[in-house]
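A short worksheet on the structure shown next.
The values are calculated or read from the model by the stated rules, or taken from the named source; none is laboratory data. This structure is a prediction, so every number in the text was calculated from the model and none was measured. Here the Cβ positions follow ideal geometry from the backbone for every residue, glycine too, while neighbour counts run over all protein chains shown. In case anyone asks, the SASA skips ligands and DNA or RNA and just uses the protein heavy atoms, side chains included. Shrake-Rupley method; radii C 1.70, N 1.55, O 1.52, S 1.80 Å.
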Amino acid sequence: MNAATAPVVPSSPHVMNTYGRLPIAMSHGRGCRVWDVNGKEYLDALAGIAVNTLGHGHSKLVTALQDQVAKLIHCCNYYHVPGQEELARMLVERSGMSNVFFCSSGLEANEAALKLARKYGHDKGIERPEIVVYDKAFHGRSIATLSATGNPKVQEGFGPLVEGFIRVPANDIEAVKQATEGNLNVVAVFFETIQGEGGINPMRAEYLRQLRALCDERGWLMMIDEVQCGMGRTGKWFAHQWAGIVPDVMPLAKGLGSGVPIGAVVAGPKAAHIFQPGNHGTTFGGNPLAMRAGAETIRIMEQEKLLDNATRVGNFLRGRLERALAGKPGVKDVRGQGLMIGIELAHPCGVITQRAADAGLLLSVTADSVIRLVPPLIMTEEEANQVAELLLPIIDTFLAEQA
């Protein structure tokens, strides 16, 4: 092979070394497929980690974003931004909540939620507000969201962490009651409906209803982090809607903009008027480009019935995996909802990320031993079957090596 045809070996020597990257650099995508700079094709079952809702190069989204870029990309929040009101209205209508603050990422949305909870407490005369959070949770990597996160591995080296968090296990209402017994400083409960980074761990519907009742009884804010599991991924706009509840605070990001950086905090009546001018802000949040991306994403999702598709294709893929892996030694569980699926193995399986990529399949391993599948919501049953056909032999080989 001469130099002209030698494959490109990606490297980033001037970029800070914060990611354990695979030796791949992407060039372009179409639908649920992407191609790297060497022309290799991949089936995308990761979607930028639950971000590329509409897949890659969706013609309607591309046209809308090109139109917006030619008009106005950024406008500061000194002025009204019409796109903010349009997208806020769409989110309020679909959530049954009251109003929205826009930012640029899930971390920022979760940080804003924590500030809301603290100010809610201070407004009630509570000097040192405390927030209930959960084992295995992941809310971000700022110092405050890291402190709320339930993963000692990602917290290591960044102490002292922020105080004011009470940690409990998931799906145990008695644990919440015991951990907060007699504590008048508690102001909120903060959790993911389905923990993403923690291993695709769902909160049970009955537990969510119990927690909603407890928050109402004690005057706490119910704050649900829907950054990864929201925006149609489970087959409803927001994963908590399967339990028939409405939160007081709901951070969003990831799939809301189909790849354009965006974050949002949706607030219900109890939290809608906590922030006043000067309490919180952002430079890039709510800019016209991000707002157009969010509004167009929702419109296209409805036009193409992608919530129904997430349910149908997700059930197909999960069923296919469950049948193939049932009773197999080394497979602990196949779980999830819609197009958010986790396969938990009995051994750390990080090597599967590279092996899958070698086979032309993009996915991730989270919580050391959980294979995570969060493909674009446009995925078809045929593509889902291809995911299974590529992945199952890789799992079989890996498990045989552990025997």
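What to note about this one:
- Residue in region 199-210 that is under 22 Å from residue 263 (Cα atoms) and either open to solvent by less than 30 Å² (accessible area, probe 1.4 Å) or assigned to a loop (DSSP other than H, G, I, E, B) (or both) present: yes
- Within the set 210, 241, the sole residue that is out of contact with any Ser or Thr (no Cβ under 9 Å at 6 or more places or on another chain) and among the polar types (S, T, N, Q) turns out to be 210.
- Residues in region 19-35 that are touching a residue at least 24 places away in the same chain (Cβ under 8 Å), surrounded by fewer than 19 Cβ atoms within 10 Å (Cβ to Cβ) and closer than 22 Å to residue 351 by Cβ: 22, 24.
- First in region 302-326 and closer than 11 Å to residue 338 by Cβ, second anywhere and outside any helix (DSSP H, G or I) and β-branched (Val, Ile, Thr), Cβ under 6 Å, 6 or more apart: 318/341
- For region 54-75, the candidate set comprises residues that are of a type in the set (D, E, K, R) and open to solvent by 80 Å² or more (accessible area, probe 1.4 Å); within that set, the residue that is farthest from the chain's Cα centre (by Cα) is 71.
- Filter result (more than 19 Å from residue 238 (Cα to Cα), out of contact with any Lys or Arg (no Cβ under 7 Å at 6 or more places or on another chain) and open to solvent by 10 Å² or more (accessible area, probe 1.4 Å)) within region 335-359: 347, 348, 350, 351, 353, 354, 355, 358, 359
- Residue check for residue 269: closer than 24 Å to residue 139 by Cβ, outside any helix (DSSP H, G or I) and open to solvent by less than 10 Å² (accessible area, probe 1.4 Å): no
- Looking only at region 144-168, and only at residues there that are among the aliphatic types (A, V, I, L, M) and in contact (Cβ under 8 Å) with a residue 24 or more places away in the chain, the one that is surrounded by the most Cβ atoms within 10 Å (Cβ to Cβ): 148
- Check on residue 171, modelled with pLDDT under 95 and surrounded by 15 or more Cβ atoms within 10 Å (Cβ to Cβ): no
- Scanning region 76-116 for residues that are outside any loop (DSSP other than H, G, I, E, B), closer than 16 Å to residue 276 by Cβ, open to solvent by less than 60 Å² (accessible area, probe 1.4 Å) and not β-branched (Val, Ile, Thr) returns 99, 101, 112, 116.
- Condition met for residue 21 (among the charged types (D, E, K, R) and part of a loop (DSSP other than H, G, I, E, B)): yes
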